[in-house]
1. L326 - would you say it is surrounded by 15 or more Cβ atoms within 10 Å (Cβ to Cβ), more than 18 Å from V157 (Cβ to Cβ) and touching a residue at least 60 places away in the same chain (Cβ under 8 Å)?
2. Going by what's in this entry, would T197 be described as closer than 27 Å to P7 by Cβ and modelled with pLDDT of 95 or more?
3. Starting from the range 286-301, keep only residues that are in a loop (DSSP other than H, G, I, E, B), then list their pairs with residues that are modelled with pLDDT under 95 and among the hydroxyl-bearing types (S, T, Y) whose Cβ atoms are within a distance under 8 Å, requiring at least 6 positions of separation or different chains.
4. Report, by residue number, each residue of the range 74-103 that is open to solvent by 60 Å² or more (accessible area, probe 1.4 Å), in contact (Cβ under 8 Å) with a residue 24 or more places away in the chain and either among the charged types (D, E, K, R) or under 11 Å from V44 (Cβ atoms) (or both).
5. Please go through the range 147-175 and pick out each residue that is outside any loop (DSSP other than H, G, I, E, B) and closer than 23 Å to T117 by Cβ.
6. Please indicate, with yes or no, whether at least one residue in the range 225-238 is in contact (Cβ under 8 Å) with a residue 24 or more places away in the chain, open to solvent by less than 40 Å² (accessible area, probe 1.4 Å) and not aromatic (F, W, Y).
7. Which of the residues belonging to the range 266-287 are within 15 Å of D212 (Cβ to Cβ) and open to solvent by less than 60 Å² (accessible area, probe 1.4 Å)?
8. Can you name the number of the only condition in (1) at pLDDT 95 or above; (2) open to solvent by 10 Å² or more (accessible area, probe 1.4 Å); (3) under 20 Å from the mean Cα position of the chain (by Cα) that H161 fails?
Amino acid sequence: MPLIFLPVSLCAQLGEIQSAWLQELYKTIHTYKPQFIGLHFQEVGGKDYMVNMGHAENFFCIKSSEEMKDYDRVCMYVDNQFQVEERFTALGSMYFIHKTLKNIYQYDFNVWPFKDTARCCSVTHSNLSLLQFKWSRKGFMRTRWIIHNQGLDLVNVHLFHDASNLIACKSSPSIYSANRHNALRYVINRISDSCYTPLPFFVFGDFNFRLDTLSLIQHLCTSADVQTVKKDSSNEVERIICEKKDNDHQVLLQIEEKLFAYMHQAVFREDNGKALLTYDKEVTAFHDVIREEDIMFPPSYPYSEEYTKPTQYMNTRCPAWCDRILMSHTARELIRRVSQRLLQVFLFPHKVQNIFVGERRVYIQNLIQDCNFLIG
């Protein structure tokens, strides 16, 4: 029985990209005919959520579309309480259940029993303000299920981003990486504590994982002259410029707070960026509790927001695999144990080839090669 898990960022220009995005989703659903679909949304309403929340909520009307008519049960949870900023996560989780799937129940975290999916249940969610970081709209949302007598947790997550490229390349690992490490460890501890019976879990969303920027820069600029430009009024670094050593002194890489302009951008796309995976280190610190399938897609962020440049990265951040699907060891063992038997799970990384979908990309093509396994 196929399942689809998909992390999604609902950006500000949702109305512009919705049609193309949905067509790719519907096409994939038609091809693989999943009986269960899990969509995890981050940044519901975008950065200007007070203005855009209404537009984002319109997106959730896909549950009533003709293409989804065979999914007779939809469980949807959206944190739209932006008035309470200290608790606001801007997360949304949406689950579609096919009419042929009968043996499925969802846990109600308020009253503790599993219930029939004919109605939505209470979920657990939390923002990460208690970690004493300033960023808003970050947190996690957890749902619990029994599907064909197998219990599992599905956790939506959005972790802290890199606020400044200059700060990110000061140390290895960066201070931002350390913040994400603490936040993800907190989330894992919360979903693994003794409050509820531990179950296999999948965590998928926007982890904001970044490449080890300092090490990557040293690699990219091995044969370059590096100049550091400081502000006139202080000793603060304003710009880092890496120039070729030949006569024309062409700028190979320029870094500012919100600029990461590398001359040979193709390196992030060639062979799905495989050569750069050695700098993708943040998840390795959690191999004691979580794993993921092999990454077989190029960095999912930050793609151009222009219609005419759907496969080009913006020069705002170093491209990275921010959007992931991770699983507990028990979930992975479950998958391996029943391989090729009962339940196919297609974990969507990020791409809609040659279609404008905003700065983050959802990889819908080549799913079989990316991640195809069974749990029972």
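The values are calculated or read from the model by the stated rules, or taken from the named source; none is laboratory data. A quick note: this is a predicted structure, and the numbers were derived from the prediction, not measured. Reconstructed Cβ throughout: ideal geometry from the backbone, glycine too, with neighbour counts over all protein chains shown. Side chains are part of the model used for accessible areas, which takes the heavy atoms of the whole protein and leaves out ligands, DNA and RNA. Shrake-Rupley method; radii C 1.70, N 1.55, O 1.52, S 1.80 Å.
1. So L326 does not fit the description; no.
2. In short, no.
3. Pairs that qualify, where the first residue is in a loop (DSSP other than H, G, I, E, B) and the partner is modelled with pLDDT under 95 and among the hydroxyl-bearing types (S, T, Y), are V289/S192; F297/Y363; P299/Y313; S300/Y363.
4. If the condition is that a residue be open to solvent by 60 Å² or more (accessible area, probe 1.4 Å), in contact (Cβ under 8 Å) with a residue 24 or more places away in the chain and either among the charged types (D, E, K, R) or under 11 Å from V44 (Cβ atoms) (or both), then E85, E86, R87, K99 are the ones that fit.
5. Result: I147, Q150, G151, L152, D153, L154, V155, N156, V157.
6. no
7. Residues satisfying the conditions are F268, G273, L276, L277, Y279, D280, E282, V283, A285.
8. (1)
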